């Protein structure tokens with residue numbers, strides 16, 4: 001009987017030891033899996049900027065604008081709070097720069113037209129000169145038109161537009177963070193964002209955390225984040 005108790009005791013101790021090791025490992029995984037806070041993905045922001053540049057086509061050259069002055073490189077930010085993650089893209093446009101570029105292009109085009117016909121404003125009668133001057137784009141009117149276009153663009157991306165800052169922001173996806181498994185389960189997506197679809201819902205995206213750097217993995221690619 002004593003021998004049986006001894007064997008049972010050893011098995012019990014072994015089981016407790018195994019559970020303790022598993023518990024310590026799980027605790028370590030949980031502690032090292034915390035990604036609470038704000039994270040930025042610079043490389044992804046650069047990719048979004050390149051796509052935006054391509055979408056301009058020759059439009060930037062026709063008007064004479066510099067894309068880097070027109071819009072800042074988009075910021076891709078992931079905010080994690082209370083186990084909930086949300087990835088948002090923010091793009092800020094310089095409306096004043098755009099307005100000045102449009103007015104400048106108008107003036108240059110008008111001047112060239114006069115020059116080609118050997119005519120100047122001084123050669124025109126008062127009524128005709130006033131007609132040309134009134135046709136010159138007004139700063140406020142141009143800003144209002146830009147606001148309308150940016151607002152439309154934001155709506156198309158299921159996002160928001162801030163007139164005061166010229167910033168368009170839209171959510172990419174939201175998810176639940178599992179600190180123990182080191183995954184982010186996608187719970188909602190913005191299907192209006194290129195490359196995102198409803199099929200991405202319920203996907204578990206593994207992540208790795210090291211030295212304030214976070215790598216969020218997908219079957220196609222990985223997104224590198226840095227702590228803000």
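Laboratory data are not the source of any read-out in this text; all were calculated from the coordinates shown. Keep in mind it's a predicted model, so treat the numbers as computed, not measured. Every residue, glycine among them, receives a Cβ derived from its backbone with ideal geometry; neighbour counts consider all protein chains shown.
Counting 0.36 nm for each residue step from residue 51 to residue 197 and taking away their Cα separation leaves a gain of 50.7 nm.
Viscosity 0.692 mPa s, temperature 37 °C: give me the Stokes-Einstein translational D for the range 36-227 in µm²/s, with Rh taken as the Kirkwood radius over C-alpha pairs.
Details: Rh = 19.6 Å.
In µm²/s, the coefficient is 167.
Compare the peptides 79-91, 148-160, 166-178 by average per-residue count of other Cβ atoms within 10 angstrom and give them in order, highest first.
Numbers: 79-91: 17.2, 148-160: 14.8, 166-178: 19.6.
The most tightly packed comes first, giving 166-178, 79-91, 148-160.
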